[in-house]
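Shown next, in structure tokens, is the structure this report addresses.
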Amino acid sequence: MEKVKCECGHINPHGTILCEACGKILDEKMNQNELLDMRYEGSARRSQTYNKTIIDKVWNFFSSVKVGVTLIVVTLIASIIGTVLPQEGNLSIQIPVNQYYEERYGWFGKIYYTLGFHDLYGSWWYLLLIASIGVSLVICSLDRVIPLYKALKNQKVTRNSGFLKRQRLYSEKQIDNTGGDITIVKERLTKKGYNVMEENGNLLAEKGRFSRWGPYINHIGLIIFLTGAMLRFAPGFYVNEALWIKEGDTLAIPGTNKEYYLTNHQFILELYDESDGEVYKEALNQKGGVVKNYQSNITLYKAEASLPGEKPKLHKLEDYQIQVNKPLKFDQYAIYQSSYRLNEIAKMTFSLTDKQSGQTFGDITIDLTNPEENYDLGNGYQVELMSYFPDFQIVDGEPSTKSSKPVNPAFAFKMVTPDKPQGEVSFAAIQQTIEPMGENKYKMTFKSVDTVNYSGLTVRKDLTLPIIALGGVIFLIGVAQGSFWYHRRIWLKQENGVILLAGHTNKNWYGFAKEIETIVHGTKIPVPVDQTLLKEKKAMEGQGGGVSWLN
């Protein structure tokens, strides 16, 4: 598209409403307006100039403030809905997640899971919303800040008379000889911190231009903030994993790519008693126990590089006592004590017994977390573990398990003996034995159970916090920049013996008008009139119309 050349000689981009240099109106429709829209200095914005290609249409869509606000509102509503039910990452369950939400919350839970609200901050559509807000912020900013910067950079001292007359603060007066008034005004403007430029006896005084960039600094802060939030889903930047580890176990720490391991030596639970003070007495009577401390005594190891399938060689780093609000910190990770489970069934011992004589032929001990399939008792006696149901239940007449947690374990055994080489099948649960193939000669007799305590740990790593904090700080700087300062400009022009004075600011018009009044006080230069207030006053008086010098 062709560029537009103004009579002052400046070449403006296509779509410019006011000449970037002198302010002359280039769009004839604007001549009908008594006051100018100075939000972007009348500069050409890409979104209002081009609308042909797909890129133009995408740009124009995201450059709309309404679209940006809509995206933010939709994201906020989605975030609120995500707090209605607990997120998947905060659950400690052994059944499938979809089954949990449907069984616990009914049809609402099913819809909640189907739409992805159970893992809101990891769902693709929520990430798409966040990315769309970021794109909108970038395009909105570029669409406005670049033309605004060019217009402010290219502005001349001598401005078109029509531009000055259409400013909100304006006055004009026939003066034959200003004497030293202009010099006085120039000195007063300099003392008040204005940057004063002079050309052919005309003045342009400007102050606080940096405040115009406040909203765009806000956008930069928000973009950095959103970038930090989205980096949480990039590998290596953010870890928030649960680790349940029983006493005596050594497990790889989740989120460390099996680089670090943890051994749980002991879990300790301490309760308050009456000797700790009267303040706990009432709580103890009501609740029966108040936790004073719970901690895990652990050892941290680092693994050497090993081949796939090879057991890694561990090097001890340190012993530590993890307590609430006293996490173990290492290599940008932190491990917190978050929960516990006491007296969980770890092992069960059964004896192979002759039902008539009561004679036993050996014991088998089943590790419920890693049960073996065969147990050889010697002398031709053998027990095979056919099925294992950690949380036993009967569904439609068939045995099944509610979860993988050993809450109510049950087993299907095949007992092979010298006189029963084909084996006998027995089903054993706690306080229950079933012989599905008829009467057996042998049975598996429950003998004992071993319990163990589990430590519930939370593994966290967050490299995005500095980025998010930086975005927040920059955002607040932008807020302060745009809130506590304002952009002020004063034009003074001599034309055919007439002094024209105009002023513009982006906020605090009353204070700005008073400041100009102080600056011109005691000189022949007229005090500017607020044309907006004058027009409103005349409309209220029933006179209507604009200011005489605009007619």
Can you find, within region 354-365, the residue that is farthest from Phe427 (Cα to Cα) among those that are surrounded by fewer than 18 Cβ atoms within 10 Å (Cβ to Cβ) and touching a strand residue (DSSP E or B) at 6+ places or on another chain (Cβ under 8 Å)?
Gln359
When Gly23 is run through (1) of a type outside the set (Phe, Trp, Tyr); (2) surrounded by fewer than 19 Cβ atoms within 10 Å (Cβ to Cβ); (3) within 30 Å of Tyr170 (Cα to Cα), the failure sits at (2)
Taking region 248-264 and keeping only residues that are surrounded by fewer than 18 Cβ atoms within 10 Å (Cβ to Cβ), touching a residue at least 24 places away in the same chain (Cβ under 8 Å) and either of a type in the set (Asp, Glu) or touching a Ser or Thr at 6+ places or on another chain (Cβ under 7 Å) (or both), one is left with Thr250, Glu259
Tell me yes or no: at least one residue of region 370-388 is in a strand (DSSP E or B), closer than 30 Å to Arg460 by Cα and open to solvent by less than 80 Å² (accessible area, probe 1.4 Å).
no
List the number of the failed condition for Leu243; all other conditions in (1) of a type outside the set (Val, Ile, Thr); (2) part of a helix (DSSP H, G or I); (3) out of contact with any helix residue (DSSP H, G or I) (no Cβ under 6 Å at 6 or more places or on another chain) hold.
(2)
For region 163-186, the count of residues that are closer than 18 Å to Ala21 by Cβ, open to solvent by 20 Å² or more (accessible area, probe 1.4 Å) and either modelled with pLDDT under 90 or of a type outside the set (Lys, Arg) (or both) equals 0
Take the residues in region 435-483 that are basic (Lys, Arg) and open to solvent by 30 Å² or more (accessible area, probe 1.4 Å), then tell me which one is nearest to Val239 (Cα to Cα).
Arg460
Would you confirm whether or not region 136-155 contains a residue that is among the polar types (S, T, N, Q), more than 29 Å from Arg39 (Cα to Cα) and not in a helix (DSSP H, G or I)?
no
Inside region 278-319, can you point out the residues that are modelled with pLDDT of 60 or more, surrounded by fewer than 15 Cβ atoms within 10 Å (Cβ to Cβ) and in a loop (DSSP other than H, G, I, E, B)?
Gly289, Val290, Glu304, Ala305, Ser306, Leu307, Pro308, Gly309, Glu310, Lys311, Lys313
Return a yes/no flag: does region 44-60 have any residue that is outside any strand (DSSP E or B), open to solvent by less than 40 Å² (accessible area, probe 1.4 Å) and at pLDDT 90 or above.
yes
In contact (Cβ under 8 Å) with a residue 24 or more places away in the chain, part of a helix (DSSP H, G or I) and open to solvent by less than 70 Å² (accessible area, probe 1.4 Å): which single residue out of Leu85, Leu71 fits that description?
Leu71
Checking Lys66 against (1) at pLDDT below 85; (2) within 23 Å of Gly214 (Cβ to Cβ); (3) among the basic types (Lys, Arg), which single condition isn't satisfied?
(1)
Quick check, is Tyr486 crowded, with 18+ Cβ neighbours inside 10 Å and more than 43 Å from the chain's Cα centre (by Cα)?
no
Filter region 191-238 for residues that are open to solvent by 80 Å² or more (accessible area, probe 1.4 Å) and assigned to a helix (DSSP H, G or I); the one that is farthest from Gly134 (Cα to Cα) is Lys191
Collect the residues in region 120-171 that are touching a residue at least 24 places away in the same chain (Cβ under 8 Å) and of a type in the set (S, T, N, Q), keeping them in residue-number order.
Ser132, Ser136, Ser141, Asn154, Gln155, Thr158, Asn160, Ser161, Gln167, Ser171
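The values are calculated or read from the model by the stated rules, or taken from the named source; none is laboratory data. Owing to the predicted nature of the structure, the values given are computational and were not obtained by experimental measurement. All Cβ positions, even for glycine, are placed from backbone atoms using ideal geometry, and neighbour counts span all protein chains on display. The protein model used for the area step is the full one, side chains on, heavy atoms only, and it has no ligands, DNA or RNA in it. Shrake-Rupley method; radii C 1.70, N 1.55, O 1.52, S 1.80 Å.
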